Structure formats: structure tokens, C-alpha cells
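In what follows, a structure is listed as C-alpha cells, so that the remarks can point back to it.
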């Protein structure tokens, strides 16, 4: 189907209802699994940063949350997302944080279904959307990147559509990039996606359309300029490269580690199935789209956290070619067919059905927000251990397990280490923290206890340093539960 050959209004309304239903089903599923979105320890400190922004009305430029790197340069480059989380938390506690996360993910699902169904039969598009959402679900957590998911889907779909139809890039998209630059550090990926779309345009047109090619070049130049519209200017751009180039903490943080097939069986099966389908099918794609596929796959294999780039974006880029080369599953073939009973209902009762979906979403959201508050697991909150620490008035510098850094910041304790390793805890610090738990790490631990004048320690129950603390003279185990252990220096 050519880009200009659109389905009838009835078909478009039916397609829209399908996408709304997909988003509503996703929202319902996520509300039912709400606690899983609060499993990341970094959610705590992101909310705290947002709360402090609301109180101080200033953007931090140095670290104020740790005792080990206090005063070192640090910027809240994801300030807008942190502000959204803080407002959600103030409005409805952790339920509000979950609601904001669910809203972002459900909007993403709607957009994926919408763009896929522009090429594929709606039922095929919806089924594929659910599969892709399941494969990308590990990133559906209450952290700033979740608000960029709808942006990156729109950004990719619109730019590659412009390239495919040999048109100029849509310059209003730059407003989305500006928003992205204030939400999360991945905004520099927007430059790369735009470059691949530009290459796709060049591959299709060569130099036959110099005016349009010049507009694509201008769009590429404007991308970094527009993303300078943030409180930190170029520093926000430079900060995005710290992980990619020599950050010592990368190898020690699970989300930054390479894809592990032994731990991600479903994703491995999806990759193998996709490879098999490409090998046995007659599908042909342009070299620019193929390069984009390889790029997103590379990011995914190197850093497992980027799985969503591959699973959410590649199908959007390839769907038009799939529909063109396999017309039986194309939206054009579907639009030419007679509507079945459900589709006729969607088309003829569009306002009633869409209104009913909206009402159900509002009612479900209100019920969720009014329900008893969901609280994060003590695996990240150490709630009982921190309550004990406060009851005993534990003061002084703390040595903490990495996973408890977020909750310590949230509750006003200066951390030893926390999740801000993209900018802090470098120059050998993260490596030393990791070595403390090795079999010969006791001397490193002892050195750190003295160097940083540690007065007490809050460790997760599985922390590898616990046996060393049990052996150290001058330290007592003061508290222990199934999640956390507290040691205090005697005297």
C-alpha cells in the first residue's frame, strides 16, 4: 500500500479502537503487577531528587547525597522525569509513581500498535505489539527512561516514514527531542536514529533531490542544538557518553552487562525465531534499515538494558516492507475485506466504544490511586533496618550495599555508594567497592572503613562482605533480618 492510500474512515476508526483496547489491556495488566515496577532501588533517589527540586527551585551542580563524593560535580540531567515522579509521589504516594509509569507504558503500547497497524492487519499488529511489550517488559519500571518510551517510538516511526516516502524530516519532532533531553540521558540516541533515517532517505533518492537532502542535513545539525535547551546545556550531552567510554562501574551493574541467554530464555528464543524467519523468508530490506537493525542489536547484546530499542523500534521500521512483500497480512488487504461483527461494532459505535474504554480507564485509575498504598520490597527499601537505625540514633558515615543507596538518599542518609555511577564513584572507587566482596577483599574493606571514617554499615543479607565484618575486631552486628544486616563500630 502506498503511503497515500489510506483505509476508509470506518477502517481507521476500527483500527483506532483496536489500539485503544491494546493500551487498556496493558494498563490493566500493569496495575495488577504494580509491585514489579517498584523493584529498582534507583526509584528512591530519583523521587528524592525531584522532591528536592520542588523544595529548592534550583538545579544541583554538585553531589549532596553521598559522604564519599560530596561536593564533586554532579548534575540532575533527568530532572524533568524526576520532577514528574516527585509530583506523582506527593499526590498519591507510591501508587502515584506506579500510575505515572503505567501511563507511560500504556501510551507506548498504543503508539506501537498504531504504527504497526498502519502497515499490518490490526489483529496481527496487536498480537505483535503484545509480544514486543512482553519482551521489553524488564524496562517497565519506575525510572526516568520510562517517560522516553513514547517519544522514541514516535521519533523513529515518523523519521523513517519521512525517509520511506522521500519527504523532508518533520521539523516539529525537534520539540520532542528537546523534551527527551530533559527527561533522560538517552536523548543522544535520537541523533543516531535520525542519522539512520537520513541514510535511508539517501539510499532511496541518491542525490536526485538535493533540496530535500539539504533539509535532512539541517535537521541533523539542529538535533544537538535543540537538545542544548536544558538546565545544563552541553554538560548534559557530555554526561551521556560517560557510560559508553570507560566507566568502571559498567561491568558491576547488572543492567549494563551484556545480554545473557542463560538468564533471558524468552528473549533468546525471540532472537533465534527472528533470525530463522529472516533466513527462510523472502523479505528484503534496504541497507540503511538493515544497518539500523544491526546497530540496535549491537546495543542490546552489549548492554542488556537496551533490549527495548531492538524489540520496540526494529518492527516499526520493518513493518511497511513486511506488508508490501507479504500482502496477505497487510492493512491494505484487511481494509478491502468485509468487516466482521466486532469490527462493524467498533466502526459504527466508535464514540460509544471509545467512550466506554475511556470511562473504564478513568474508573480503574481512580480505584488504583485510592487503593491501599503499594510499597517497594524491603530488598530495596530496608524499611525495618532503617527504622531500627533511627531508633538507635545511628549517626556517622555509613558503608552500604549498592542496592540500598536509593533508600538511604530518600530517607536523608548520606551514602557510601548509590546508583549515580554514571557520574560519581569513579577513579577506582567502584572497582574497590566490588573488590571488597572478593575472597581476598578484607584488606580493601578495612582500608575503606578507615579512609572514609565509617561508623556503621547497612548491608543486604547476601552481601559478600558480611563474613569479613563478622571477623573484624571492633565491630558488632547490631541488627539482622532476611533483607538487611547492620554493623556498628564499637566505641
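Mind counting the residues in the range 173-187 that are modelled with pLDDT under 95 and farther than 14 Å from residue 79 by Cβ?
Matching residues across the range 173-187 total 1.
Right, residue 420: at pLDDT below 95 and touching a strand residue (DSSP E or B) at 6+ places or on another chain (Cβ under 9 Å) or not?
In short, yes.
Restricting to strands (runs of 3 or more DSSP E) lying wholly in the range 451-491: which have 2 or more residues that are free of Cβ contacts under 8 Å to residues at least 24 places away in the same chain?
475-480
May I ask you to list pairs of residues, at least six apart or on different chains, whose Cβ atoms are under 8 Å apart, with the first in the range 72-83 being farther than 13 Å from residue 184 by Cβ and the second being crowded, with 21+ Cβ neighbours inside 10 Å and modelled with pLDDT of 95 or more?
These pairs meet every condition: 72/63; 73/63; 74/63.
Please state which one of 328, 312, 318 is in a helix (DSSP H, G or I) and either at pLDDT below 95 or out of contact with any helix residue (DSSP H, G or I) (no Cβ under 7 Å at 6 or more places or on another chain) (or both).
328
Can you tell me which residue is nearest to the chain's Cα centre (by Cα) among those in the range 219-238 that are more than 12 Å from residue 182 (Cα to Cα) and crowded, with 17+ Cβ neighbours inside 10 Å?
So the residue we want is 223.
Test residue 150 against the stated conditions and say whether it is within 21 Å of residue 316 (Cα to Cα), assigned to a helix (DSSP H, G or I) and in contact with a helix residue (DSSP H, G or I) (Cβ under 8 Å, 6 or more places away or on another chain).
It is true that residue 150 is within 21 Å of residue 316 (Cα to Cα), assigned to a helix (DSSP H, G or I) and in contact with a helix residue (DSSP H, G or I) (Cβ under 8 Å, 6 or more places away or on another chain).
Looking only at the range 31-46, count how many residues are over 15 Å from the mean Cα position of the chain (by Cα), surrounded by fewer than 23 Cβ atoms within 10 Å (Cβ to Cβ) and in contact (Cβ under 8 Å) with a residue 12 or more places away in the chain.
Number satisfying all stated conditions: 4.
On the basis of being part of a helix (DSSP H, G or I), in the same structural domain as residue 151 (by TED's automatic domain parsing), over 17 Å from the mean Cα position of the chain (by Cα) and within 24 Å of residue 131 (Cα to Cα), does residue 270 make the cut?
So residue 270 fits the description; yes.
Among the listed residues 110, 99, identify the single one that is over 13 Å from residue 19 (Cβ atoms) and either touching a helix residue (DSSP H, G or I) at 6+ places or on another chain (Cβ under 7 Å) or at pLDDT below 95 (or both).
Exactly one of 110, 99 is over 13 Å from residue 19 (Cβ atoms) and either touching a helix residue (DSSP H, G or I) at 6+ places or on another chain (Cβ under 7 Å) or at pLDDT below 95 (or both), namely 99.
Residue by residue, here is whether (1) under 17 Å from residue 147 (Cβ atoms); (2) touching a helix residue (DSSP H, G or I) at 6+ places or on another chain (Cβ under 8 Å); (3) part of a helix (DSSP H, G or I) holds:
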residue	(1), (2), (3)
17	no, yes, yes
20	no, yes, yes
24	no, yes, yes
50	yes, yes, yes
75	no, yes, no
86	yes, yes, yes
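Could you say whether any residue in the range 344-352 is within 30 Å of residue 94 (Cα to Cα) and surrounded by 11 or more Cβ atoms within 10 Å (Cβ to Cβ)?
No, the conditions are met nowhere in the range 344-352.
Residue-wise test of (1) modelled with pLDDT of 95 or more; (2) part of a helix (DSSP H, G or I); (3) in the same structural domain as residue 157 (by TED's automatic domain parsing).
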{"site": "196", "(1), (2), (3)": "yes, yes, yes"}
{"site": "200", "(1), (2), (3)": "yes, yes, yes"}
{"site": "215", "(1), (2), (3)": "yes, yes, yes"}
{"site": "229", "(1), (2), (3)": "yes, no, yes"}
{"site": "235", "(1), (2), (3)": "no, yes, yes"}
{"site": "238", "(1), (2), (3)": "no, yes, yes"}
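Is at least one residue of the range 370-390 assigned to a loop (DSSP other than H, G, I, E, B), in contact with a strand residue (DSSP E or B) (Cβ under 7 Å, 6 or more places away or on another chain) and under 19 Å from residue 487 (Cα atoms)?
Yes.
Kindly list the number of the only condition in (1) in a helix (DSSP H, G or I); (2) farther than 30 Å from residue 34 by Cβ; (3) touching a residue at least 60 places away in the same chain (Cβ under 8 Å) that fails for residue 351.
Among (1) in a helix (DSSP H, G or I); (2) farther than 30 Å from residue 34 by Cβ; (3) touching a residue at least 60 places away in the same chain (Cβ under 8 Å), the lone unmet condition for residue 351 is (3).
When the range 431-465 is examined, which residues are found to be surrounded by 19 or more Cβ atoms within 10 Å (Cβ to Cβ) and over 19 Å from residue 68 (Cα atoms)?
Those that are surrounded by 19 or more Cβ atoms within 10 Å (Cβ to Cβ) and over 19 Å from residue 68 (Cα atoms): 460, 463.
The values are calculated or read from the model by the stated rules, or taken from the named source; none is laboratory data. Keep in mind the model is a prediction, meaning the values are calculated, not measured. Cβ: placed from backbone, ideal geometry, glycine included. Neighbour counts: every protein chain shown.
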